[in-house]
Amino acid sequence: MNASAGSANERALLAQRLQDALTALESGDEAGWRREIDALAASRTQPMMAGLGRLARELGQALGELPTLPSEAGELTDACARLDHVVEMTEKATHRTLDLAEECRGLTAHLHAGELPADEQAQVLERIRHNLTEIALTQSYQDLTGQIIRRVVGIVRRVHEGFGALGLPPPENESRDGLAGPAVTGLDRHAVSQNDADDLLSDLGL
Amino acid sequence: MRILIVDDFSTMRRIVKNLLGDLGFTNTAEAEDGHAALALLNSQPFDFVVTDWNMPVMTGIELLKAIRADARLKTLPVLMVTAEAKREQIIEAAQAGVNGYIIKPFTAQTLQEKLGKIFERLGASA
């Protein structure tokens with residue numbers, strides 16, 4: 001059935017209900033007109049209830065699918081906890097990388113001094129090579145945090161679409177503190193580059 | 001030259017500290033927000049401040065304004081290193097008396113250039 005035939009059908013059904021309700025009212029059939037009015041009201045609220053139910057179910061499922069989630073169905077607070085975990089993971093990985101990089105810098109200074117016997121030089125080079133491998137491995141946080149972020153993006157998108165389907169517009173997005181944060185190419189049109197900033201500052205006498 | 005590095009992310013403080021170290025500035029201290037920075041500035045001598053903008057408790061722009069409003073600290077050079085990249089914000093920082101403005105992510109070269117420019121200007125005015 002195509003959309004216009006469907007809506008024509010709905011209109012006919014609606015007209016029939018209204019007609020029946022009117023007939024029942026005029027003939028003093030109180031139970032009859034109440035039944036028709038209730039049916040009309042139900043036909044209006046059912047899609048919304050179904051939409052809310054689907055949204056709640058999808059949210060529960062989406063959160064339930066996430067790795068290391070407690071088995072009870074979570075809510076959006078759980079998505080927040082996951083993002084906090086991402087912050088923690090990226091912080092840890094960055095510190096690990098910086099530790100290794102700092103050690104390598106120290107080692108190169110050691111080599112640079114040129115006072116090491118050949119076998120110790122080989123050891124230092126091996127240590128640097130090992131650290132570089134470790135640095136590469138540490139980057140695997142990107143895979144894990146990427147997966148978590150994608151899941152949360154999915155949750156946010158489904159909630160957004162769910163609200164859309166219910167005809168409830170999401171609240172206007174106002175920046176909480178007036179700060180824009182890191183600019184994202186293609187999304188933040190008001191962000192300037194370092195060069196633009198330099199020009200602007202030199203215009204201001206800096 | 002003693003430099004105070006202010007950022008709420010410990011990783012960024014470390015990165016800035018390393019870059020400054022490479023440029024020969026090894027005498028640094030760290031603070032995690034403007035409030036902690038002010039406490040340090042009021043208890044120890046510093047010659048330079050590198051600060052983020054968006055931090056909890058007290059932001060970098062509030063720190064800058066507090067420094068400029070303090071008779072003892074007002075001439076302290078402040079370099080803003082921030083992800084905030086709107087024209088209005090850069091203008092606000094300039095009007096508040098910032099000495100340099102670097103947008104994250106940045107390179108070691110940018111940091112070196114801006115520091116050089118600030119010292120050059122300070123040297124000329126001294």
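Values quoted throughout were computed directly from the atomic coordinates according to the rules given, and no laboratory measurement underlies them. Note that the coordinates shown come from a computational prediction; the quantities given were computed from them, not determined experimentally. All Cβ positions, glycine included, derive from the backbone under ideal geometry; neighbour counts span all protein chains shown.
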Given (1) buried (at least 16 other Cβ atoms within 10 Å of the Cβ); (2) closer than 24 Å to B:LYS17 by Cα, where does B:ALA96 come up short, assuming only one miss? (2)
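Tell me which residues, restricted to the range B:1-35, are among the aliphatic types (A, V, I, L, M), assigned to a loop (DSSP other than H, G, I, E, B) and within 14 Å of chain A (Cβ to nearest Cβ).
B:LEU23
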May I ask you to list the residues in the range A:117-144 that are among the acidic types (Asp, Glu) and in contact (Cβ under 8 Å) with a residue 24 or more places away in the chain? A:GLU134
When you go through A:THR133, A:THR145, A:THR97, A:THR138 one by one, which is the residue that is among the polar types (S, T, N, Q) and closer than 19 Å to B:ASN18 by Cα? A:THR97
Of the numbered conditions (1) surrounded by 18 or more Cβ atoms within 10 Å (Cβ to Cβ); (2) assigned to a helix (DSSP H, G or I); (3) in contact with a strand residue (DSSP E or B) (Cβ under 8 Å, 6 or more places away or on another chain), B:LEU38 fails exactly one; give the number of that condition. (3)
Pairs under 8 Å by beta carbon, first residue under 11 Å from A:LEU83 (Cβ atoms) in the range A:145-159, partner among the charged types (D, E, K, R) and surrounded by 13 or more Cβ atoms within 10 Å (Cβ to Cβ), six or more apart or different chains? A:ILE148/A:ARG82; A:ARG151/A:ARG82; A:VAL152/A:ARG82
Applying the selection to the range B:107-117, what residues are surrounded by fewer than 19 Cβ atoms within 10 Å (Cβ to Cβ) and either facing chain A (nearest Cβ under 7 Å) or in contact (Cβ under 8 Å) with a residue 60 or more places away in the chain (or both)? B:ALA108, B:THR110, B:GLN112
Scanning the range B:73-89 for residues that are over 14 Å from the mean Cα position of the chain (by Cα) and not acidic (Asp, Glu), the one farthest from the other protein chains (Cβ to nearest Cβ) turns out to be B:GLN89
